[in-house]
Structures are given as structure tokens and as C-alpha cells.
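Let me begin by presenting the structure, written as C-alpha cells, before commenting on it.
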């Protein structure tokens, strides 16, 4: 499979690249600064650009089978520009132009999903984000709504507290219906995002993952 990964140098994106390559995929890494990319795998192509560069993204999207979006959102109460939201508008247009349907994205439980069961996992993160990260929550929810309204075959992987801890390969998945710890390894998140491409289980779904 040809996979385009945005934010491929980031804390989760670099692990998504690693696991995609390990699984035999061809990866196009779209990054802001290509000098920070150390992976020299023969199946890796690196493209430097901004997430709002419609021309470059549309050209790079040609021939892709799926997209994994790992561009972060500032965890701040306020910031000047919703760059990730603007980037998603560009992304969705580029995917449609190239007839690429499959998108794996990320978010938090602040984005409500119809299968969610009322629990601490589905309620508390949204309340806390609304108080501490007001703008980040607003952007996250807006992105989620945009993706849900698109005609893409999307998956939004939701999580709460990514950590730079060791990869476990053991991820709990639910919708507020099982107990899990908020903390989860960034590599586990990246690997799970890649794994969702292996089946249709989470198409048009928003699994919450934890440890």
C-alpha cells in the first residue's frame, strides 16, 4: 500500500512511519523540515512543505492509497491560527482530487462519537480540555466534524495522554465501555494508526485507545 503520512517527523508520526515501513508499505513522509528526517529506508520518500500548500499536497497525493495525519495541535488555551484545521481543508480537497478515500486521523474524546458510552473516559477529557485548552478543543472538534461530514473512508483514533514510553504492542480499545488508563505510548499510537489500515473494522469510527 502507498501511504502518505503528514507530520512524519513528530512524536507520533515518526512511529507511524516506522511501523508502516516494517509492514511493507511504501511511505511518503510530508514534513515541514526534511533535514530532521533520519530514516533512509528505500521505500520512504520525503517531501518538505507546509500543510496548507494545496499545489504541493495535491501533487504528492497522486498514486497514494491512504493517508495518516499526525500533525499536532498546540496544547494551549489560545493561539493565533488554527493551522491544523486549515491543513485539513487542503488535505480533503487534495484527497478528493486524487480519488484517495482512506484517511486515518487522530483526536481526543472531546470529539463525540455516536457509539460513546457515558463514562469518565468520554466525559472528563472534554470538560478538562474546555477549561485548560480552550482553543485546542475548539480546533479538535471542528476537525472532527469536518472529517465526519466528508465522503472519505475515515477513522479518527482518539487518545488522552501520549507519553514517550516504551512500545508495548498492547492497546486497549473502546468507546467508554471499558476501563483504561489515559497514558499511552506514542509508538503504540502510531502503530495502531497503521494497523487500522489492515481491515474495515474502524472505517467511519472513532476508537478510544489507552493502556
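Tabulated results
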quantity: Residue that is without any contact (Cβ under 8 Å) to a residue 24 or more places away in the chain and touching a helix residue (DSSP H, G or I) at 6+ places or on another chain (Cβ under 9 Å), where the choices are 191, 129; calculated: 129
quantity: Members of the range 72-99 found to be in contact (Cβ under 8 Å) with a residue 60 or more places away in the chain and surrounded by 15 or more Cβ atoms within 10 Å (Cβ to Cβ), listed by number; calculated: 72, 73, 74, 82, 85, 87, 91, 92
quantity: The range 142-154 residues that are surrounded by fewer than 20 Cβ atoms within 10 Å (Cβ to Cβ), paired with ones that are in a loop (DSSP other than H, G, I, E, B) (beta carbon under 6 Å, 6 or more apart); calculated: 153/101; 153/203
quantity: Count of residues meeting criterion [crowded, with 19+ Cβ neighbours inside 10 Å, farther than 18 Å from residue 34 by Cα and over 16 Å from the mean Cα position of the chain (by Cα)] in the range 60-71; calculated: 1
quantity: Per-region count, the range 95-118, residues at negative phi and out of contact with any strand residue (DSSP E or B) (no Cβ under 9 Å at 6 or more places or on another chain); calculated: 6
quantity: Matching residues, the range 174-211, being surrounded by fewer than 15 Cβ atoms within 10 Å (Cβ to Cβ) and in contact with a strand residue (DSSP E or B) (Cβ under 7 Å, 6 or more places away or on another chain); calculated: 178, 181, 183, 204
quantity: Any chance residue 116 is within 21 Å of residue 180 (Cβ to Cβ), in contact (Cβ under 8 Å) with a residue 60 or more places away in the chain and either within 18 Å of the chain's Cα centre (by Cα) or surrounded by 14 or more Cβ atoms within 10 Å (Cβ to Cβ) (or both); calculated: yes
quantity: Index of the failed condition, residue 57 passing every other in (1) at pLDDT below 95; (2) closer than 26 Å to residue 18 by Cβ; (3) crowded, with 17+ Cβ neighbours inside 10 Å; calculated: (1)
quantity: Hits in the range 1-46 - residues which are assigned to a loop (DSSP other than H, G, I, E, B), modelled with pLDDT of 95 or more and over 17 Å from residue 106 (Cα atoms); calculated: 1, 23, 24, 25, 43
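The values are calculated or read from the model by the stated rules, or taken from the named source; none is laboratory data. Because the structure is predicted, anything quoted here is derived from the model rather than measured. Note that each Cβ is placed from the backbone with ideal geometry, even for glycine, and that neighbours are counted across all protein chains shown.
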